[in-house]
């Protein structure tokens with residue numbers, strides 16, 4: 001399990017109308033490798049508003065449709081829910097994800 005990997009999660013919450021949703025792992029690698037039972041993830045939606053906190057993804061990342069990662073909707077998921085591997089983000093998308101997370105969390109670059 002690595003930062004930037006995408007997984008399809010069945011019934012991620014009772015409020016989600018979809019049977020499954022794709023999430024990308026955004027936790028730092030040291031947490032992913034630790035004994036913590038959860039990791040922080042960002043959901044992937046097929047809709048995009050073009051916000052600076054959204055990262056475009058699609059077929060190149062293993063998805064069926066053009067979609068976007070929504071960094072304003074982070075969620076902690078149990079690692080054992082992340083079993084249906086979809087794909088991973090290439091280096092340039094990881095950079096865009098990091099930038100979107102900084103904007104979403106209002107973190108300085110310093």
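Quick look at the values:
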| item | result |
| --- | --- |
| Scope the range 51-80; condition farther than 13 Å from residue 21 by Cα and surrounded by 20 or more Cβ atoms within 10 Å (Cβ to Cβ); matching residues | 54, 55, 57, 61, 71 |
| Residue count, the range 63-95 (criterion: farther than 28 Å from residue 35 by Cβ and over 12 Å from the mean Cα position of the chain (by Cα)) | 8 |
| Of all residues making up the range 15-25, the number that are surrounded by fewer than 20 Cβ atoms within 10 Å (Cβ to Cβ) and modelled with pLDDT of 95 or more | 0 |
| Matching residues in the range 37-50 - criterion: being surrounded by 14 or more Cβ atoms within 10 Å (Cβ to Cβ) and free of Cβ contacts under 8 Å to residues at least 24 places away in the same chain | 48 |
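The values are calculated or read from the model by the stated rules, or taken from the named source; none is laboratory data. Since this is a predicted model, take the numbers as computed values, not measurements. So basically every Cβ, Gly included, is an ideal-geometry build from the backbone, and we count neighbours across all protein chains shown.
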